[in-house]
Amino acid sequence: MKNTTYIDSIAEFKDKQATISGWLYNMRKGGKLRFLIVRDGTGTIQAVVSKTDVNEEVFALCDELTQESSIRVTGKVVADERAPSGFEMQVSHLELVSKADEYPISLKEHGTDFLMDNRHLWLRSSRQFAILRVRHEIIAACRAFFDDRGFTLVDAPIFTPNACEGTTTLFETEYFGSKAYLTQSGQLYQEAGALAFGKAYCFGPTFRAEKSKTRRHLTEFWMIEPEVAFCDLDGDMDLAEEFLEYVVQRVLKNKARELATLERDVTKLQNVKRPFPRISYDEAVAILKKENVEFQDGNDFGGTDETVISEKFDRPVMVHRYPSAIKAFYMKNDPTDFSKALCVDVLAPEGYGEIIGGGQREDDYDTLKNKILHHNLPLEAFEWYLDLRRYGSVPHAGFGLGIERTVTWLCGLSHVRETIPFPRMMHRLRP
RNA sequence: UCCGGCGUAGCUCAAUCGGCAGAGCGGGUGGCUGUUAACCACUAGGUCGUAGGUUCAAGUCCUACCGCCGGAGCCA
């Protein structure tokens, strides 16, 4: 609309008139003063209405306003040290656009379940606002990183005819009379992308029907998955650490205000610079043994195992060469130790766990075909995938980064559910 | 699926050994010229998750069920 100023650029209007279009976040009353806290989607500002400065209708209108009513306020922008943003508005005119019904979310404490029932409104609160702005920055940084390095976006399908890895539980849906599944990874399709475009990535939602009820799980989450032709495990790890350093440092630079709102200790994030420590699975197991953690050699790491390992380092740690028995069929075996896979997991610091999983893919036709058969997967469903080894196979590698876990880590949150606008969990389909 | 925890006002919670169902916030009314989750006074607001049972008496004890939470497993 015409003549609207956004709060994040209010400094340009110091000692001048401006009009802000937004919503009433909160109001405090004095006898002849009204303090309107107005938010407009770019920030919040205090608008002061003094009975001596405005006509009676405007002052009376203040007392009509309810929390989250939409309004337009006009007045002089003045610097004030008491204001969090450094500026406040001395109101000369106030217009009510739409009066809000009694708003369910007060500024006091609420329970998570109640807030999630009102997620469509909760998004307006300052914490959620800050988290989703960090999410936006992370996604923008991910795309910019790959775009700037010659990667081509080759998005993978969401409907798939079969389970990618044949392990996790998938959501099943009806597809014109036959079964289809919602994808759990764009990984296999991305390999086709890499062999066509050299460097490719996809970014989209993925789905897991596991009945997980933990702070780290969603049934629908977003993943960015690069894949590179003529790349081995070492090159994959080089890419992953350069990528993470870029994303974290960019968020620190561009979203400092949001991180401050979240009271994030950014000193922990400033350490996220190359090189990251690289340890083998066997070395990671040795750490657990030294810390007297009960652990069965050959198993995958649990949540607490990952925390113990990551706490040994001040930045993300890359754990490579897990036993191939506990990894997906498409992982290439280590030629120097056939029991290990050429894979890597990146564990975030501070106990935030696995945020990246990836590795070098099996590029030999016969070996891959045997692995598919050994995993009891339907060969005919993977004929196209085997074609990638039949027609000009090359060493290639890639990884997947979970967006929500990354947001959780960078924001310092205790649960992934606040890192996506409308989370989908086992007991959460609405709103 | 297994293990553990929780269901009381619109919201967040309290209620001692089984003995009159309460507070703060939010709503309403009024007051206050610098408030920062403002404050002060007054006020309305209840199927104590559901169904049984024990008891003179149940929010409280017992049984079943429902709902939710997060830990394991699985993973990003």
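No lab work stands behind these numbers, since they all come straight from the coordinates. Fair warning: this is a prediction, and the values are worked out from it, not measured in the lab. Here the Cβ is made from the backbone with ideal geometry for all residues, glycine too, and neighbour counts use every protein chain on show.
Helix A:187-197 versus the longest principal axis of chain A: what angle, 0 to 90°, nearest 10, using Cα atoms? So the helix axis and the longest Cα principal axis differ by about 90 degrees. Across region A:126-136, computed HN-Hα scalar couplings (Karplus, 6.51 cos²θ - 1.76 cosθ + 1.60, θ = phi - 60°) run 5, 5, 5, 4, 5, 4, 6, 6, 5, 4, 4 Hz from first to last residue, x flagging Gly and Pro. Here region A:292-332 and region A:233-288 have alpha carbon centers that stand 17 Å from each other.
Return the FRET efficiency for the residue pair A:TYR365, A:LEU123: r is the Cβ-Cβ distance, R0 is 41 Å, and the value is rounded to the nearest 0.05. E between A:TYR365 and A:LEU123, to the nearest 0.05, is 0.25. Here's how it looks for A:LYS340: its modeled amide H is under 5 Å from those of A:SER324, A:ASP334, which are all 5 or more places away or on a different chain. For region A:67-132, the list of GluC sites (Glu not before Pro) that fall in a loop by DSSP and count at most 12 other C-beta atoms within 10 angstrom reads A:GLU81, A:GLU102, A:GLU109.
Each of A:THR307, A:GLN187, A:THR112 was scored by the projection of its Cα onto the charge dipole of chain A, and the greatest displacement toward the positive side belongs to A:THR112; charges sit on the C-beta of Lys, Arg, Asp and Glu. Straightening the chain between A:ARG149 and A:LYS32 buys 36.2 nm, computed as 0.36 nm per residue apart minus the Cα-Cα spacing.
Name the residue from A:ALA18, A:THR52, A:GLY41 whose Cα lies farthest towards the positive end of the charge dipole of region A:7-98, charges +1 on Cβ of Lys and Arg and -1 on Cβ of Asp and Glu. Selected residue: A:THR52. Note on chain A: with a GNM built from Cα contacts shorter than 10 Å, the maximum mean-square fluctuation among A:GLU57, A:GLU291, A:GLU137 falls on A:GLU57. Summing Cβ point charges (Lys, Arg +1; Asp, Glu -1) relative to the Cα centre of chain A gives a dipole of roughly 1260 debye. Note on chain A: helix-only mean residue ellipticity at 222 nm, from DSSP H runs of 4+ residues weighted -39500 (n - 2.57) and normalised by residue number, equals -8500 deg cm²/dmol. Fully extending the segment from A:ASN292 to A:TYR103, taken as 0.36 nm per residue of separation minus the present Cα-Cα distance, adds 62.8 nm. Taking θ as phi - 60° and the Karplus parameters 6.51, -1.76 and 1.60, the scalar couplings of region A:396-408 work out to 8, 8, x, 7, x, 10, x, 5, 5, 5, 5, 4, 4 Hz in sequence order, x denoting glycine and proline. Note that region A:214-226 has calculated 3J(HN,Hα) couplings of 9, 6, 10, 10, 10, 8, 10, 9, 10, 9, 10, 10, x Hz, one per residue in order, obtained from phi through the Karplus relation 6.51 cos²θ - 1.76 cosθ + 1.60 (θ = phi - 60°); glycine and proline are x. Cross-link list A:LYS213/A:LYS273; A:LYS327/A:LYS369; A:LYS16/A:LYS253; A:LYS273/A:LYS327; A:LYS29/A:LYS99: which exceed 24 angstrom alpha carbon to alpha carbon? Check vs 24 Å cut-off fails for A:LYS213/A:LYS273; A:LYS16/A:LYS253; A:LYS273/A:LYS327. Only beta bridges with both residues in region A:24-93 are counted; by DSSP, about 85 percent of them are antiparallel.
The residue among A:PHE382, A:PRO205, A:THR267 whose Cα reaches farthest toward the positive pole of the charge dipole of region A:119-419, with charges on the beta-carbon of Lys, Arg, Asp and Glu, is A:THR267. As a rough guide to protection, the peptides A:219-227, A:144-152 ranked by mean Cβ packing within 10 Å, highest first, stand as A:219-227, A:144-152. Pairs of Cα atoms nearer than 8 Å and 6+ residues apart set the relative contact order; for chain A it is 14 percent.
Distant-in-sequence amide contacts of A:TRP222, defined by a placed amide H-H separation under 5 Å and a gap of 5 or more residues or a different chain, comprise A:THR206, A:ILE403, A:GLU404.
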